[in-house]
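To keep things clear, I will list the structure first and then write my remarks on it.
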Amino acid sequence: MPPLRPLRIPLLTAPTAAGKSALALQVALDSGLEVVSADAFTVYRGLDIGTAKSTPAEQEAVPHHLLDVAEVTERYDVARYVQEGEAAIAAVLRRGRVPLVVGGTTFYLSALLRGLPLTPPADPQVRAAVETELAERGLDALLADIAAHDPAEAARMERNPRRVVRATEVFRRTGQYPGSFGSRPPRFQYAVTAFTRPGPELEARMRGRVEAMFTAGWAEEAAWLAARLDPDTLPRPTAWQALGYREAWAVSTGSLDEAEATARIVLASRQYAKRQLTAMRGQLGAPVLTPPEATRQLREAVGAAHKLNVN
């Protein structure tokens with residue numbers, strides 16, 4: 001389907017805890033934008049604290065789309081995201097407004113930019129077997145299997161366990177990896193702005209955010225999730241793949257103290273941020289800017305979109 005107008009949709013991304021939501025809110029308030037979220041876990045109702053979901057007050061001040069669109073018991077995947085994300089963007093444009101895509105799930109962002117991958121739907125039984133193998137053999141072993149057949153595909157995984165499981169599942173069913181299936185054309189074009197902060201500053205922000213989340217009741221939220229969805233089910237439910245929820249659940253059960261949980265989550269956040277930055281440069285093809293540079297570039301992209309999106 002062709003784009004509704006020959007404009008580039010502003011898109012903002014940054015590693016976890018860098019402050020992309022705050023920047024997006026500031027620009028959206030100043031320019032009358034609507035936010036289209038690109039996060040794999042804020043789609044779930046009830047996962048509010050641990051996903052740093054925009055608050056009700058923020059959502060009242062600026063319209064947000066693709067928050068709270070699924071139950072935690074549902075599997076939410078990239079195909080559904082692209083379908084609902086493009087529909088949300090189109091609806092905003094039809095109202096004569098400009099959408100701002102914001103998020104750190106680079107797999108979702110890449111699918112918006114490049115088009116929806118044409119890989120076959122998941123097979124739960126095969127996926128469960130691969131999840132079990134991942135737990136037994138480890139990530140490096142599965143990556144080595146992929147590299148033995150297709151080194152480029154192994155590099156494309158960026159050590160993301162969820163993607164490694166998916167690639168292995170598809171290969172065992174079809175003899176091909178997901179990268180071989182191609183994509184359908186994207187519906188829109190995008191002006192991508194990516195930024196980060198210096199490592200020590202970013203880590204300090206990660207730690208402060210995790211501590212604030214525990215103060216706000218993250219352990220209780222994780223216990224709520226465990227009461228509705230068994231965290232030990234294989235394949236692991238999508239909602240339980242959200243960063244830090246297993247550690248927060250361990251705090252709720254008393255099997256892990258809050259200080260140790262915080263340290264583990266900060267370490268995992270640093271590792272995740274490194275993967276995000278690699279994907280921003282590679283999959284999204286975006287130079288990674290400083291916050292002031294990103295603010296200027298984003299405002300320019302918004303201004304250009306406003307000029308083109310006229311009735």
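General remarks:
- Every test in (1) surrounded by fewer than 17 Cβ atoms within 10 Å (Cβ to Cβ); (2) in a helix (DSSP H, G or I) is passed by S255 save one, and that test is (2).
- From the options A57, A88, A79, residue that is surrounded by fewer than 17 Cβ atoms within 10 Å (Cβ to Cβ), touching a Leu at 6+ places or on another chain (Cβ under 7 Å) and aliphatic (A, V, I, L, M): A79
- Taking the criterion of being modelled with pLDDT under 95 and charged (D, E, K, R), the only residue of region 1-51 that qualifies is R5.
- Residue check for Q26: surrounded by fewer than 20 Cβ atoms within 10 Å (Cβ to Cβ) and within 18 Å of A301 (Cβ to Cβ): yes
- Residue in region 51-64 that is outside the structural domain of R205 (by TED's automatic domain parsing) and in contact (Cβ under 8 Å) with a residue 40 or more places away in the chain present: yes
- Residues that are in contact with a strand residue (DSSP E or B) (Cβ under 8 Å, 6 or more places away or on another chain) and buried (at least 20 other Cβ atoms within 10 Å of the Cβ), drawn from region 40-54: V43, Y44, T51, S54
- Matching option when the condition is under 28 Å from D123 (Cα atoms), assigned to a helix (DSSP H, G or I), of a type in the set (A, V, I, L, M, F, W, C) and touching a residue at least 60 places away in the same chain (Cβ under 8 Å), among L298, L234, L225, L277: L225
- Residue check, A286 assigned to a helix (DSSP H, G or I) and among the aliphatic types (A, V, I, L, M): no
- Exactly one residue among A227, A154, A194, A223 is at pLDDT below 90 and among the small types (G, A, S), and that residue is A154.
- Taking residues in region 154-175 that are under 20 Å from Q241 (Cα atoms) and assigned by TED's automatic domain parsing to the domain that holds L143, and partners anywhere that are among the aliphatic types (A, V, I, L, M) and modelled with pLDDT under 85, the pairs with Cβ atoms closer than 8 Å and at least 6 places apart or on different chains are R163/M157; V164/M157; R166/A122; A167/M157; E169/A122.
- The single residue among W240, W249 that is of a type outside the set (D, E), over 15 Å from the mean Cα position of the chain (by Cα) and buried (at least 16 other Cβ atoms within 10 Å of the Cβ) turns out to be W249.
- All positions within region 18-42 that are aliphatic (A, V, I, L, M) and closer than 13 Å to V102 by Cα: A18, A22, L23, A24, L25, V27, A28, L33, V35, V36, A38, A40
The values are calculated or read from the model by the stated rules, or taken from the named source; none is laboratory data. Not measured: the values here are computed from a predicted model. All Cβ positions, even for glycine, are placed from backbone atoms using ideal geometry, and neighbour counts span all protein chains on display.
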